[in-house]
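Below you'll find the structure, written out as structure tokens, and then a few comments.
The values are calculated or read from the model by the stated rules, or taken from the named source; none is laboratory data. Bear in mind that the values here come from a model prediction, so they are computed numbers and not experimental data. Here the Cβ is made from the backbone with ideal geometry for all residues, glycine too, and neighbour counts use every protein chain on show. In case anyone asks, the SASA skips ligands and DNA or RNA and just uses the protein heavy atoms, side chains included. Shrake-Rupley method; radii C 1.70, N 1.55, O 1.52, S 1.80 Å.
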Amino acid sequence: MRTKLWYSTLILVGVLCISSCGSNKEKAASASDNTEKQAAPEASDSVKVVANEALNDAARFVAGLPVVNKNNKLYALTQTKEWKNHARNMDQIWNSYQQSAPKVLSFAQHELSDINQKCQTLFYPFGGPDFLFSNAFFPDMDTYFLIGLERTGQAIQVKHPSAKTYKLYQDAVSDVLSLSFFRTKDMNVEQENDTIDGVVPIISMLMARADKQIISIKDMRIDDNGRIVDAEADGTPISSPTGLVEIRFFRTGTNKAQTLYYYATDLSNDGLAKNKPLVAYINSLSQATTASFIKSASYLMHEGMFSTIRDMILKQSSAIMQDDSGIPLMYYKKENWDTMLYGTFYKPISTYVEYAQPALRDAYQLGSPKPLAFRIGFARQSNLQIMRKK
């Protein structure tokens, strides 16, 4: 399983839910941050966010949760033996994660609170559809920008679900909840199903299980200036998939709209050279209020062919949280970054044995890393590093 060719191996774990991030959120509405300007406005007290019943019922249906509208086709399908078996299986899969979820939430509260207070945008390259982990660690971001190779897909369309259909959804999350990452090989099969045509159905299902309400799902694009827009250059509506999808949502019981973008694109040097709009978008991110998250990234940024995205992350982020598959330690110069170590690291798993990282190993052996009480990334003995720009 060499995910080098499929670097958005999804790490994600079922979670429900770096700092020096500089200025506070009021200051952070920087004119240079296109995402903050237009993508994820926080609803004011006078403007109530409204969930889209159809989108949420479809997400709840495939997540094995009761639907709200009892007068539609989905409700009738929830009364079938096949769906009830699916619901029980999904509950079992989800409950197995719930045993470790408090540890993840505790880590976020104790180790990331300053970042969550001061940052507004989470940039998650190689993240694929990992909504759960990104939202668990960073629950209050205005904007989440996830990038992977898997196609976007469309909002869930339940046609003629079968036991096989339900099993595909179960398999899509079981590894995430037990291993903390998606297996890209499996996703290629799952996405051939008429209900799972990309990552949008998976993200929608995870949102439902994480107690989020979807407001809207629509195709977007990035213009030449790096702005995220909802129309073609001539002003006409976007009529075909662009590789960029926007999902607006809010946490049940709150009135704050948040925005997740998933962009299916190649982050290699060659890929970025052909994608000037994305480069402009990343360069427009506010350096004071952007945090980056890197996990299960197949050690791609250890290679010269991914040096451009590596350098952009280091430049545009005020804080970075990663596991050992992220950016090599030698690029975090001590005069520029404060580093905190968590968990255990001696060597990578056998699949990536060539990325031994002796500098990181020595840092763990000679330093005093804090314990990590949950699994994350490829190895059973997990690790995280949080870097805060000075």
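Protein heavy-atom surface of the stretch 297-357, 1.4 angstrom probe: 56% of the accessible area is carbon and sulfur, with nucleic acids and ligands not counted. Label separation (residue 334 vs residue 211): 4.4 nm, computed from points 7 Å beyond Cα along the C-beta direction. Here the label points at residue 238 and residue 48, each 7 Å from Cα along the C-beta direction, are separated by 3.0 nm in the simple model.
Computed with every protein chain present, the accessible area of residue 335 is close to 130 Å² [probe 1.4 Å].
Quick one: which of 103/347; 315/390; 256/276; 84/167 span more than 20 angstrom between C-alpha atoms?
103/347; 256/276, as the Cα separations exceed 20 Å there.
A simple count of charges around residue 326, restricted to other residues whose Cβ falls under 11 Å of its Cβ and scoring Lys, Arg +1 and Asp, Glu -1, yields 0.
Rolled with a 1.4 Å probe across the full set of protein chains, the surface gives residue 73 an accessible area near 100 Å². Spin-label model, residue 81/residue 274: points 7 Å from Cα along the beta carbon direction are separated by 5.1 nm. Under the classification rounded if a/c is under 1.5, otherwise prolate if a/b is larger than b/c and oblate if not, where does the stretch 264-337 fall, given a ≥ b ≥ c as square roots of the Cα gyration tensor eigenvalues? Verdict is oblate for the stretch 264-337. Placing unit charges on the Cβ atoms of the charged side chains and taking the dipole of the stretch 74-174 about its Cα centre, the candidate lying farthest along the positive direction among 161, 99, 120 is 161. Summing Cβ point charges (Lys, Arg +1; Asp, Glu -1) relative to the Cα centre of the stretch 49-117 gives a dipole of roughly 420 debye. When a/c is below 1.5 the answer is rounded, else prolate if a/b is larger than b/c, else oblate, so apply that to the stretch 95-145 with a ≥ b ≥ c taken from the square roots of the Cα gyration tensor eigenvalues. Here the stretch 95-145 falls in the oblate category.
Quick check: with the 1.4 Å probe, what order do 96, 307 take by accessible area, largest first?
Per-residue accessible area, sorted high to low, gives 96, 307.
For the residues 286, 162, a 1.4 Å probe over the protein chains yields an accessible-area ranking, largest first, of 162, 286.
When the Cα positions of 372, 244, 329 are compared along the charge dipole of the stretch 237-390, 372 comes out farthest toward the positive end, with charges on each C-beta of Lys, Arg, Asp and Glu. Only Lys, Arg, Asp and Glu carry charge here, each on its Cβ (+1 for the first two, -1 for the last two); on that basis the stretch 247-390 has a dipole of about 560 debye about its Cα centre.
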